[in-house]
Amino acid sequence: MKPNQLSFTLLLAISLFFCSSSLNAQVTVHQHCNFTGWTMQLDAGNFNSNDIRGAGGLPNDTSSIKISPGYTVTLFSGDNFTGNSITYSSNDDCLVNESFNDVVSSIRVTSLSVLTLFQHCGYSGWDAQFGVGDFTSDAILAAGGRPNDASSIKITEGYQITVYRGDNFTGNSITYAADDDCFVNEGYNDVISSFKIEKVEAQNVVSLFQHCNYGGWEAIFDVGNFTSDAIRAAGGRPNDASSIKIAEGYKITVYRGDNFTGNSITYAGNDDCFVNEGYNDVISSFKIEKNNRDGDWDNFLYPNITINDEASFHRGSWVFRNALSNPKETFRALALEGCKKIYANDSDNLVYAPNITVYLKDFDGIAYKTGSSPNFQITLSVRWLEDTYNRNGNNLQKIAEDIKGVMSHELTHVYQWVPRVSGGERKGFVEGLADYVRISVGRHQGSSPRRGGNWKDGYTTTGHFLNWLVNNKDSEFAAKFNHTARTYNTWSWESACNNLLGEGVQSLWNQYQNNIGRMAAISSNKSTEKSRYKMEDNDCSLEKKTDTSVDHKDIKSKLYPNPVSSIMNIEIIGGSDDNTNTIEIRDLSGGLVKNALFNDARYKIDMSDLPSGIYIVTIKNSEHITKKRIVKQ
């Protein structure tokens, strides 16, 4: 390379360096007033006289300054941050005005504090302040905080923080846009290793209205959690809202009680009248968040599965290796399958479980789970594997399904939240929820509900009870129930059931037990019941009728809750969009007690005025017909 080419290349490199450096600068210092003369670009930090020279400026020669929003600049007349000082948070075109012209010997640039992190819940212990930016574990330490040791936070309105379990913005994360007095509530206590703080523009995500059809007062809300006081502060009134508009991609969970207590319901679209759902003039608090659609599991963190065979000599080890062709992938798939039962989606505050080691050992028993986030262990008994294989006629396919069932149970233990309670209350929750998952995904062959026992017994007794609650009370109950263990400081079956379903656990258990008795009677007297329940009108017979002119096939329909006390929900899947559906409700004598016409796939009908008893619901249109038995309480 020729000398002149070398000089040109070096000059270009230096120019590019300073240009690129200035792109991220937050403060520009100028030699003369009105932002003229030499310039010096500075980011957040401390700059003595030597640093000023190194950045291209001169001490005691500054006359104007430009400052980016969110930053402050403190100018010192002495070197090393001594002497007189003055602080600016916006541009100043001439320091002569403040008698600070040509006297600046050192400079401190600071990002405005928009967030305070605290060591303990309730905003106590050490505290560290942070401005906008990205903070690794080292940056947290430098600011006076400690990674994996924070429990509460205060945030300036208009800012948000995304916290990560791993350093360098890795691992599970959650975003806060408002103060939180205890990270225990979200499962993020003492686990934050890095975070990003940013300014967010206010959005009109939800508009709440006083009257149905979007009338009366209107209050506008962004993403966040709103108590009764927060609703008032936004211009609304608790217990006085009747309709809502929701921006696409967001959802709101409204609560009858203040501070997110009492019965709740979630809306993901506009609703012109809360009367329809029984929530008119009763909303006292709510939570607004982005809506990851139900079933959105594209970003599920599949666990890294390690198989550690410590009993390779045992025949049970041979059974395991030959029953499952790819156990790692099988267990990863089971992890996702189970999480879909106890969480709404992959961002629903899942337990962080990136590493699961499966051990094969020689011991009495079946399996057990140990460890904690992020490293878990599941241990399988090779004795059980061999015994089960022998008892099932050496059927590898059967033992493969048994392994999947047991692993479904143990993987639920990995991912479920555990309530802060002991004894039967804890056992019922932990073992019951694990067997609920196994039952609901069809991996507990031969198990069926039985009379007797208690909801705190755990395993299949509780598992079938939970399955009944999901199928008859609230299809999202299991996920909500799991989260009560995460969010309740004082947990009990009674409080969880009352808050989620509005009924005490004993009442729910009694309904479930009565339902088992009815189903047993129906099963044992099937032919008798067909005759007994047959209506005078042939179209209402429980025995399927063949119509020579129309092909009647079963509607895929869902009626809930069952038993029902007031409002019965009807959901229909299938059929033409322009069909008119007819619903008829008859008592056991065949008498018509209610009927209606509807065109939508969802419909509500009030059953509160009917006497307690068994009724037959018929839903039909020009293409389909279905009949279902319901119990009115």
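Can Ser285 be described as of a type outside the set (A, V, I, L, M, F, W, C), within 28 Å of Leu350 (Cβ to Cβ) and in contact with a Phe, Trp or Tyr (Cβ under 6 Å, 6 or more places away or on another chain)? First the steps, then the outcome.
Numbers: of a type outside the set (A, V, I, L, M, F, W, C): yes; within 28 Å of Leu350 (Cβ to Cβ): yes; in contact with a Phe, Trp or Tyr (Cβ under 6 Å, 6 or more places away or on another chain): yes.
In short, yes.
Going by the structure shown, is Thr306 part of a strand (DSSP E or B) and free of Cβ contacts under 8 Å to residues at least 12 places away in the same chain?
Numbers: part of a strand (DSSP E or B): yes; free of Cβ contacts under 8 Å to residues at least 12 places away in the same chain: no.
No; evaluated as a whole, the condition is false for this residue.
Restricting to the range 284-293, count the residues that are at pLDDT below 85 and either farther than 22 Å from Tyr343 by Cα or open to solvent by 30 Å² or more (accessible area, probe 1.4 Å) (or both).
4
Only one of (1) under 29 Å from Ala178 (Cβ atoms); (2) part of a loop (DSSP other than H, G, I, E, B); (3) modelled with pLDDT of 90 or more fails for Asn259. Which number is that?
If we test Asn259 against (1) under 29 Å from Ala178 (Cβ atoms); (2) part of a loop (DSSP other than H, G, I, E, B); (3) modelled with pLDDT of 90 or more, just (3) comes out false.
Per-residue answers, yes or no, for (1) assigned to a loop (DSSP other than H, G, I, E, B); (2) at pLDDT 85 or above:
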position	(1), (2)
Thr72	no, no
Phe76	no, yes
Thr110	no, no
Ala150	yes, yes
Ile161	no, yes
Arg165	no, yes
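Picking from Ile52, Ile67, which residue would you name as being under 28 Å from Gly158 (Cβ atoms), aliphatic (A, V, I, L, M) and open to solvent by less than 70 Å² (accessible area, probe 1.4 Å)?
On inspection, the qualifying residue turns out to be Ile67.
For the range 361-390, give me each residue that is closer than 18 Å to His314 by Cβ, outside any helix (DSSP H, G or I) and either acidic (Asp, Glu) or open to solvent by 70 Å² or more (accessible area, probe 1.4 Å) (or both). If you could, list the steps in order and put the result at the bottom.
If we filter the range 361-390 for residues that are closer than 18 Å to His314 by Cβ, which is where we start, we get 361-368, 378-390.
Of the ones still in play, those that are also outside any helix (DSSP H, G or I) are 361-368, 378-381.
Hits for the range 361-390 are Asp362, Asp364, Ile366, Tyr368.
Which is in a helix (DSSP H, G or I), modelled with pLDDT under 90 and open to solvent by 40 Å² or more (accessible area, probe 1.4 Å), of Asn471, Asn515, Asn489? Walk me through how you get there before you give the answer.
Values: Asn515 fails: open to solvent by 40 Å² or more (accessible area, probe 1.4 Å); Asn489 fails: in a helix (DSSP H, G or I).
Every option except Asn471 fails the conditions.
Tell me which residues, restricted to the range 130-148, are in a strand (DSSP E or B) and either surrounded by 16 or more Cβ atoms within 10 Å (Cβ to Cβ) or in contact with a helix residue (DSSP H, G or I) (Cβ under 6 Å, 6 or more places away or on another chain) (or both).
Scanning the range 130-148 gives Phe130, Phe135.
What tally of residues in the range 167-211 results from selecting those that are open to solvent by 30 Å² or more (accessible area, probe 1.4 Å) and not in a strand (DSSP E or B)?
18
Tally up the residues in the range 593-613 that are free of Cβ contacts under 8 Å to residues at least 40 places away in the same chain and over 11 Å from Ile583 (Cβ atoms), please.
If we filter the range 593-613 for residues that are free of Cβ contacts under 8 Å to residues at least 40 places away in the same chain, which is where we start, we get 593-603, 605, 609-613.
Going one step further and asking which of them are over 11 Å from Ile583 (Cβ atoms), we end up with 593, 599-602, 609-613.
Counting residues in the range 593-613 that are free of Cβ contacts under 8 Å to residues at least 40 places away in the same chain and over 11 Å from Ile583 (Cβ atoms) gives 10.
Determine whether Asp281 is at negative phi and either out of contact with any Leu (no Cβ under 8 Å at 6 or more places or on another chain) or open to solvent by less than 80 Å² (accessible area, probe 1.4 Å) (or both). Break it down into steps so the answer makes sense when it comes.
Numbers: at negative phi: no; either out of contact with any Leu (no Cβ under 8 Å at 6 or more places or on another chain) or open to solvent by less than 80 Å² (accessible area, probe 1.4 Å) (or both): yes.
Taking the combined requirement at face value, the residue does not satisfy it.
What are the residues in the range 140-154 that are in contact (Cβ under 8 Å) with a residue 12 or more places away in the chain and farther than 22 Å from Gly187 by Cβ, if any?
Ala143, Gly144
Report whether or not Trp126 is in contact (Cβ under 8 Å) with a residue 12 or more places away in the chain, under 23 Å from Phe286 (Cα atoms), over 23 Å from the mean Cα position of the chain (by Cα) and part of a strand (DSSP E or B).
When the stated conditions are applied, Trp126 does not pass them.
Which condition number does Asp271 fail, the rest of (1) in contact (Cβ under 8 Å) with a residue 40 or more places away in the chain; (2) in contact with a Ser or Thr (Cβ under 7 Å, 6 or more places away or on another chain) being met?
Asp271 satisfies all of (1) in contact (Cβ under 8 Å) with a residue 40 or more places away in the chain; (2) in contact with a Ser or Thr (Cβ under 7 Å, 6 or more places away or on another chain) except (1).
Is one or more of the residues making up the range 199-206 at pLDDT 80 or above and of a type outside the set (Val, Ile, Thr)? Walk me through how you get there before you give the answer.
Applying the first criterion (at pLDDT 80 or above) to the range 199-206 yields 205-206.
Next, only the ones that are of a type outside the set (Val, Ile, Thr) stay: none.
No.
Considering Gly171, Gly235, Gly249, which residue is farther than 23 Å from Asn299 by Cβ and touching a residue at least 12 places away in the same chain (Cβ under 8 Å)?
Gly235
Does Lys340 satisfy the condition of being closer than 28 Å to Ala247 by Cβ, open to solvent by 60 Å² or more (accessible area, probe 1.4 Å) and among the basic types (Lys, Arg)?
Yes, satisfied.
Consider Glu386 carefully, then state whether it is more than 28 Å from Asp348 (Cα to Cα), within 31 Å of the chain's Cα centre (by Cα) and touching a residue at least 40 places away in the same chain (Cβ under 8 Å). Give the steps one after another, and end with the answer.
Working: more than 28 Å from Asp348 (Cα to Cα): yes; within 31 Å of the chain's Cα centre (by Cα): no; touching a residue at least 40 places away in the same chain (Cβ under 8 Å): yes.
Spelling it out, it is not the case that Glu386 is more than 28 Å from Asp348 (Cα to Cα), within 31 Å of the chain's Cα centre (by Cα) and touching a residue at least 40 places away in the same chain (Cβ under 8 Å).
Is the range 371-379 home to any residue that is modelled with pLDDT under 95, among the β-branched types (Val, Ile, Thr) and in contact with a helix residue (DSSP H, G or I) (Cβ under 9 Å, 6 or more places away or on another chain)?
Within the range 371-379 (the criterion being modelled with pLDDT under 95, among the β-branched types (Val, Ile, Thr) and in contact with a helix residue (DSSP H, G or I) (Cβ under 9 Å, 6 or more places away or on another chain)), the answer is no, since none of the residues qualifies.
Give me the residue from the range 391-421 that is among the basic types (Lys, Arg) and assigned to a helix (DSSP H, G or I) and, out of that set, nearest to Ser492 (Cα to Cα).
Looking at residues that are among the basic types (Lys, Arg) and assigned to a helix (DSSP H, G or I), I get Lys404.
Being in contact with a Pro (Cβ under 9 Å, 6 or more places away or on another chain) and either β-branched (Val, Ile, Thr) or open to solvent by less than 40 Å² (accessible area, probe 1.4 Å) (or both) is the filter here; which residues of the range 426-442 pass it?
Phe429, Val430, listed by residue number.
Using beta carbons and a limit of 6 Å, which pairs, at least six apart or on different chains, have the first residue in the range 178-201 and closer than 20 Å to Ser137 by Cβ and touching a residue at least 24 places away in the same chain (Cβ under 8 Å) and the second one open to solvent by 50 Å² or more (accessible area, probe 1.4 Å) and outside any loop (DSSP other than H, G, I, E, B)?
Lys196/Asp134
Taking the range 518-542 as the search range and keeping residues that are open to solvent by less than 20 Å² (accessible area, probe 1.4 Å), in a loop (DSSP other than H, G, I, E, B) and of a type outside the set (S, T, N, Q), which one is modelled with the lowest pLDDT?
Going through the qualifying residues, I end up with Met535.
Count, please, the residues in the range 252-263 that happen to be surrounded by fewer than 19 Cβ atoms within 10 Å (Cβ to Cβ) and either free of Cβ contacts under 8 Å to residues at least 60 places away in the same chain or of a type in the set (Ser, Thr, Tyr) (or both).
6
Restricting the search to the range 212-245, which residues are open to solvent by less than 40 Å² (accessible area, probe 1.4 Å), more than 22 Å from Ala268 (Cβ to Cβ) and assigned to a helix (DSSP H, G or I)?
Passing the criteria: only Ser228.
The values are calculated or read from the model by the stated rules, or taken from the named source; none is laboratory data. Remember, it's a predicted structure, so these values are computed and weren't measured experimentally. Positions of Cβ are generated from backbone atoms using ideal geometry, with glycine treated the same way; all protein chains shown enter the neighbour counts. Accessible surface areas use protein heavy atoms only, side chains included; no ligands, DNA or RNA. Shrake-Rupley method; radii C 1.70, N 1.55, O 1.52, S 1.80 Å.
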